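Bear in mind that the values in this text are calculations on the coordinates, not laboratory data. Note that the structure is predicted; figures quoted are calculated from it, not measured. Here Cβ is always computed from backbone atoms with ideal geometry, including for glycine, and neighbour counts include all displayed protein chains.
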Amino acid sequence: MDRDNFNKNKTIKYFSIFFVFIFLFFFVNGFYIIKNTDKGIIIRLGKLYNLVDPGLHWRFIFLDKIKVVNVVSVKPLIIDNMILTSDLSLVNIKVTVQYKIFNPLAYIFSNQNLMNNFKESIDSVLNEVIGKFSINYILTKNDNVISDEIKKKLQLIVQKYNLGIDILDINIEYFKLPKEIEKSFNEFFLVKENRKKHIRETVLYCEKKYFQIQNIICFIKKQDKLYTLEVIKNYSKKNNLYNLFKKIKYKL
């Protein structure tokens, strides 16, 4: 009897130790840390349970799943596409869309198809905006007008579908013509620049000749004045009209 009680107590002791270890294992492994740059989302049994801030937290291992979302870092999305302009010319554009997550819940639980198709939305906006401008404007003017309009339209799409992100900046890396068009376009600009150069040279030549003519006129006037004074002086000496000569010289 005593031996049976001893074996029974021993079994209970082993089971107790085993359950204590199991409890400690799950208890210790239930702790997790959310970084200062992140937000944590607790999903319990497939449903949203809580949103946690940075710091040390605890969860039920089998019941809870933690999704960590960085809400500080800026994420880039690069688009490289061929687009038709308003004058039916093709241009290759490379754009970097910089965005940041500001609403983790909306970002995680938004329609995943919309997030997956966000790149297609950017393509659509690029086609709409670039299609308003001519190829000459796109390649020669400041691209701030284009990037600002792209940013404005993308922000409206993000707000409409509540994607939980904020468009920070649109950086247009480059506009390029297709190789088969680039040669003709370069020739056109070369002719245009040569024409401007010829006009500038013509204007400079005319200005130079104008100043030369002005100098000649001034010289002739000066010589004419000196000759007139000399004639009057000689006449005054002959006729004793020195005072009259001084008055005439002063007026001249």
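Taking trypsin sites (Lys or Arg not before Pro) across region 30-101, the ones in a DSSP loop with at most 12 further Cβ atoms lying within 10 angstrom of their Cβ are Lys35.
Scalar couplings 3J(HN,Hα) for region 101-106, obtained by applying the Karplus form with A = 6.51, B = -1.76, C = 1.60 to θ = phi - 60°, are 7, 10, 10, x, 5, 5 Hz; x denotes Gly and Pro. Close amide-amide hydrogen proximity is noted between Phe133 and Ser86, each under 5 Å apart and 5 or more residues distant or on a separate chain (H modeled in the peptide plane; Pro and chain starts excluded).
Under a 5 Å amide H cut-off, with hydrogens placed 1.01 Å from N, Leu177 pairs with Asn92 among residues at least 5 apart or on other chains.
I need the shape label for region 41-160. Rule: rounded when a/c is under 1.5, else prolate if a/b > b/c, else oblate, with a, b, c from the alpha carbon gyration tensor. Prolate. Per-residue Karplus couplings for region 40-50, computed as 6.51 cos²θ - 1.76 cosθ + 1.60 with θ equal to phi - 60°, are listed in order as x, 10, 8, 10, 10, 6, x, 10, 5, 10, 6 Hz, Gly and Pro entered as x. Among the listed pairs Lys141/Lys197; Lys152/Lys196; Lys35/Lys153, those whose Cα-Cα separation exceeds 30 Å are Lys152/Lys196; Lys35/Lys153. Each residue of region 162-177 was assigned a 3J(HN,Hα) from its phi angle through the Karplus curve 6.51 cos²θ - 1.76 cosθ + 1.60 (θ = phi - 60°); the sequence is 6, 7, x, 10, 10, 7, 8, 7, 10, 10, 7, 5, 6, 10, 9, 8 Hz, with glycine and proline shown as x.
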